[in-house]
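Take a look at the structure set out below.
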Amino acid sequence: MERNTRRGIALALLAAALYALNAPFSKLLLERIPPTLMAGLLYLGAGMGMAVLVLVKKLRKTQARELPLTRAELPYTVAMIVLDIAAPIFLLLGLSATTAANASLLNNFEIVATAIIALAVFKEAISPRLWLGILFVTLSCLILSFEDLSSLRFSHGSLFVLLAAACWGFENNCTRKISSRDPMQIVLLKGLFSGAGSTLIGLCLGERTDSLPGVVCALLLGFVAYGLSIYFYVHAQRLLGAARTSAYYAVAPFIAALLSLAVFREFPDLAYFIALALMIAGAWLSSRDEPALPLGRTRGKTGRPAGGSSKP
């Protein structure tokens, strides 16, 4: 396995581990802050945290040389922000018309959506081995979110949840298209604009909170679980591509389950360990994958596509 691939896998797993902090600690904060408003605060925390880091690096003159976003990336940047605002709206509409178990199950369609959109829209090559890995990861997520067969009735609410997952799938691919640019700038824009949009939606829905400590904790959690996580996720996408990064990032629910065990003293059931085995199989298949080549391309001595760029 190439060094860049190993580094990309490590960054994707680190991004997943940081995002996993969101589930147990958000559950605690939901006792003080309504859900839509807290979603906005989490994104705002990511943007504000990155703004502070950018300022510190400029003052210390230690800022790494990164390519800034240009007008050419503007469509992907705008789409990324809009999709990050639209997806939660669709999810809320879905939750209002279907069960939480059904919504949780269908929301894992994001993994599949990312891969299909990467192939169909952005022409990212996906090998049969990676498809098999994604299948195992998807089955694992289905088992992890499965609660009751009677809750899997299909309804118009399910369509909204699938739309939310599709939005996040598109958003992952849009982020991939600008992943060669400054990750801090990407997280800054995503956090501030998507956070402002989600917060405005929450306020329009009449959500309020009078817990200042809860707001501060939500902002700090957003910086770590969203800001730093997205920052490392973007770096991973540079090395692995959107589909493979999404596959590794899917370990986040398992890490979150372990954290929930520590915080809430909840021991996982048998389904968790079955899903864990499938997740390990999917991760192994993904890690052993070698990106498929477009027709007419051959590999040079280095193993990279001959005549192609060294970038993924």
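For a 29 Å ceiling on Cα separation, which of these pairs sit above it: Lys58/Lys177; Lys61/Lys123; Lys27/Lys190; Lys27/Lys58; Lys57/Lys123?
Lys61/Lys123; Lys27/Lys58; Lys57/Lys123, as the Cα separations exceed 29 Å there.
Suppose the chain between Arg71 and Arg129 were pulled fully straight at 0.36 nm per residue; how much longer would it get relative to their current alpha carbon spacing?
Residue separation times 0.36 nm, minus the Cα-Cα distance, leaves 17.2 nm.
Residues of segment 222-256 with amide nitrogen under 17 Å from the 7 Å Cα-to-Cβ point of Thr209?
Backbone N within reach: 222-227.
Could you give me the ³J(HN,Hα) list for segment 4-12, computed from phi with Karplus coefficients 6.51, -1.76, 1.60 and θ = phi - 60°, whole Hz, x at Gly and Pro?
Result, ordered by residue: 5, 5, 4, 5, x, 4, 4, 5, 5 Hz.
Could you tell me the calculated FRET efficiency between Phe122 and Ile280, based on Cβ-Cβ distance and R0 = 22 angstrom, to the nearest 0.05?
Calculated transfer efficiency: 0.20.
Using 7 Å Cα-to-Cβ label points, what is the Leu30/Lys57 separation (nm, one decimal)?
Output for this residue pair reads 3.4 nm.
What does the convex hull of the alpha-carbon atoms of segment 164-265 project to on average, in nm²?
Dividing the Cα hull surface by four gives the mean projection, 7.9 nm².
Whole-Hz Karplus ³J(HN,Hα) for segment 38-46, in order, using 6.51 cos²θ - 1.76 cosθ + 1.60 and θ = phi - 60°, x for Gly and Pro?
Values, residue by residue: 5, 4, x, 5, 5, 5, 4, x, 5 Hz.
Take Asp210, Asp182 and sort them by solvent-accessible surface of the protein heavy atoms, 1.4 Å probe, largest at the top.
Accessible-area ranking of Asp210, Asp182, largest first: Asp210, Asp182.
Skipping prolines and chain starts, which residues have an amide H placed within reach, meaning under 5 Å, of the one on Arg181, given they are 5 or more residues away or on another chain?
Amide H to amide H, under 5 Å and 5 or more residues apart or across chains, Arg181 pairs with nothing.
The values are calculated or read from the model by the stated rules, or taken from the named source; none is laboratory data. Everything numeric here is computed off the predicted structure, so don't read it as measured data. Every residue, glycine as well, gets a Cβ built from its backbone with ideal geometry; the counts of neighbours run over all protein chains shown. In case anyone asks, the SASA skips ligands and DNA or RNA and just uses the protein heavy atoms, side chains included. Shrake-Rupley method; radii C 1.70, N 1.55, O 1.52, S 1.80 Å.
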